[in-house]
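Enquirer: For reference, the structure I am asking about is given below.
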Amino acid sequence: MDITKVAQAQILQEPLRVKQEKEREELNGKKEDSVTLSPEALERFKADEIKRTEAIQQRIDSGFYLSKEVTEKVADEMLRKFSQ
């Protein structure tokens, strides 16, 4: 009678592979989180966006963004971002 030695690594790896496959299947089958806003919340969001857009338009019309301070701040930020 021939008896072959079974390596411990083979015994331990098989259950690990099965576990990993199950984990992958669970991850693939999971649903993503989602958020649904009520109609009232959507209206408020839209109203806030309109106010913000109007404020920006007023600043553009008044030349605020062409001032020396704003131009320097924008240039400094661009230099900081591009030098990283």
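Enquirer: Quick one: which of 73, 31 is part of a helix (DSSP H, G or I) and either modelled with pLDDT of 95 or more or not polar (S, T, N, Q) (or both)?
Expert: The match here is 73.
Enquirer: Test residue 56 against the criterion of being among the hydrophobic types (A, V, I, L, M, F, W, C), surrounded by fewer than 11 Cβ atoms within 10 Å (Cβ to Cβ) and over 25 Å from the mean Cα position of the chain (by Cα), and give yes or no.
Expert: When the stated conditions are applied, residue 56 does not pass them.
Enquirer: Do we have any residue at all in the range 2-24 that's at pLDDT below 95, loosely packed, with under 10 Cβ neighbours inside 10 Å and at positive phi?
Expert: no
The values are calculated or read from the model by the stated rules, or taken from the named source; none is laboratory data. This one's a predicted model, so the numbers in the text were calculated from it and none came from an experiment. So basically every Cβ, Gly included, is an ideal-geometry build from the backbone, and we count neighbours across all protein chains shown.
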